1. Which number in (1) more than 30 Å from Phe91 (Cβ to Cβ); (2) of a type outside the set (D, E, K, R); (3) out of contact with any helix residue (DSSP H, G or I) (no Cβ under 9 Å at 6 or more places or on another chain) marks the one condition that Val303 misses?
2. For residues in the range 144-188 being aromatic (Phe, Trp, Tyr) and surrounded by 17 or more Cβ atoms within 10 Å (Cβ to Cβ), which is farthest from Arg306 (Cα to Cα)?
3. Step by step: first the residues of the range 323-339, then only those that are touching a helix residue (DSSP H, G or I) at 6+ places or on another chain (Cβ under 9 Å) and among the aliphatic types (A, V, I, L, M), then the one that is farthest from Glu269 (Cα to Cα). Which residue is that?
4. Kindly indicate the residue of the range 218-251 that is of a type outside the set (A, V, I, L, M, F, W, C), closer than 16 Å to Pro268 by Cβ and surrounded by fewer than 21 Cβ atoms within 10 Å (Cβ to Cβ) and also farthest from the chain's Cα centre (by Cα) among those meeting that condition.
5. Given the residues Ile106, Ile126, which is the only one that is assigned by TED's automatic domain parsing to the domain that holds Gln244, in contact (Cβ under 8 Å) with a residue 24 or more places away in the chain and either over 30 Å from Gly246 (Cα atoms) or under 47 Å from the mean Cα position of the chain (by Cα) (or both)?
Amino acid sequence: MKNQITSALSDFFFEYETPRQVLVRNRRVGVVCRLIQLGVLVYIIGWVFIYEKGYQSTDTAVSSVFTKMKGVGYTNVSGRETVWDVADYVFPSQGDSSFVVMTNYIITEGQKMGKCPELEGKHNCISHDDCVGGSYKRTGHGQMTGVCVNTTKTCEVLAWCPVEDDHTVPSPPLLMSAENYTLFIKNSITFPLFDVTRSNLVEEVNKDYLSKCLYHPEDAPLCPIFKLGDIVKLSGFSFENLAQEGGAIGIVIDWTCNLDFHVKHCKPEYNFHGLYGNPTDADASASMGYNFRYAKHYMEDKVPKRTLLKVFGIRFDIIVKSLARKFDIIPTLTAIGSGVGIFGVATVVCDLVLLYLLPKREFYKNMKFKYTDTHIQQDSESYDLDSSTYYTLEANSRQAQDKSNDPDAEAGSTEAEK
């Protein structure tokens, strides 16, 4: 028993087993095998390593964005001159990454709480029965009092009076001067995995450069100061059409960095996209543009009043897109290991061709596989032969039989060429 255990342990630690290989000289199978291996090699080198950068680890950035608008607008409506500055036309005014610049508006001044007729088309009526007191209409301006006003043929409401009339949007836009406003963007990012921090105010962008530059995709691609008209144009929109009833523009700051090179080469790229609200788009006609209402409250003769503005504007959303890559041995070894495993596809395909598609598939089966039956073991014991000797004799017998049955078969495993 002890000798058996010792022998088993010795065999386990000091012996090595290798799969049996059969060399097949066949042009068609050889070409198929090499083509498959070539395809796998191209996939590993071209796609995994070069295109997908499979030898690098990746990280996305933690980002912050600050904005600052500059510019002055002027309007003259019904002889009333008004100058608009940043505090008037930017909402909100905190410099967020998402904000609205007013380009057009409808103003209703001197509103106070009271009873007045509803706007025509909001809730028309013929008699008082058409106006249910205490009820509301979703598109109305206030609570109905139950009275039908004969002069307007609309229901009377308790609301801020006079009610806003927004049927006619000013054209051309009142604040076309917004085209010349400038936007300054300050963006900072950090790639935590690689401990890298960058700002869009890169090495080339200093104080003197900022005082003179204005973004241009070719002449000044790193300048963080943008003219609104240029942003809208680069997004594919017409500024006048967009300013008429508002819309939305996405400003994408793209940080795609290869940190295998010096960090100074990690620089932002700016892209501009129209998100929605193009008035020329027929699909958007059901809900066109972008607008909201804004009220300024004040007291006049101890009566609370307000000035209501329906603001049409361009909404700017600043989106930071980031991806950093750097060499890492773990994904490199993983990519190589998976590639080596894929090489096994060539062996599987070639085996299928050999064993099932070629005319002499039975010959290749006999060369590739050994067959053991119960009578073989009995015969080997009766002749007192060890198994290896008997298998050799059996294999030679099978080969001789195959050759006698197949006059075209050549010696060894070489397929006869015609």
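The values are calculated or read from the model by the stated rules, or taken from the named source; none is laboratory data. Since this is a predicted model, take the numbers as computed values, not measurements. Because the Cβ atoms are built from the backbone with ideal geometry, glycine has one as well, and the counts that use them run over all protein chains shown.
1. Evaluating Val303 over (1) more than 30 Å from Phe91 (Cβ to Cβ); (2) of a type outside the set (D, E, K, R); (3) out of contact with any helix residue (DSSP H, G or I) (no Cβ under 9 Å at 6 or more places or on another chain) leaves (1) as the failure.
2. Here the residue is Tyr181.
3. So, considering only residues that are touching a helix residue (DSSP H, G or I) at 6+ places or on another chain (Cβ under 9 Å) and among the aliphatic types (A, V, I, L, M), the one farthest from Glu269 (Cα to Cα) is Ile336.
4. Checking each candidate, the answer is Glu218.
5. One residue alone meets the criteria, Ile106.
So that you can scan it fast, the table gives a plain yes or no per residue for (1) farther than 30 Å from Ala61 by Cα; (2) among the aromatic types (Phe, Trp, Tyr); (3) part of a helix (DSSP H, G or I):
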site: Ala159; (1), (2), (3): yes, no, no
site: Phe184; (1), (2), (3): no, yes, no
site: Leu214; (1), (2), (3): no, no, no
site: Val232; (1), (2), (3): no, no, yes
site: Glu240; (1), (2), (3): yes, no, yes
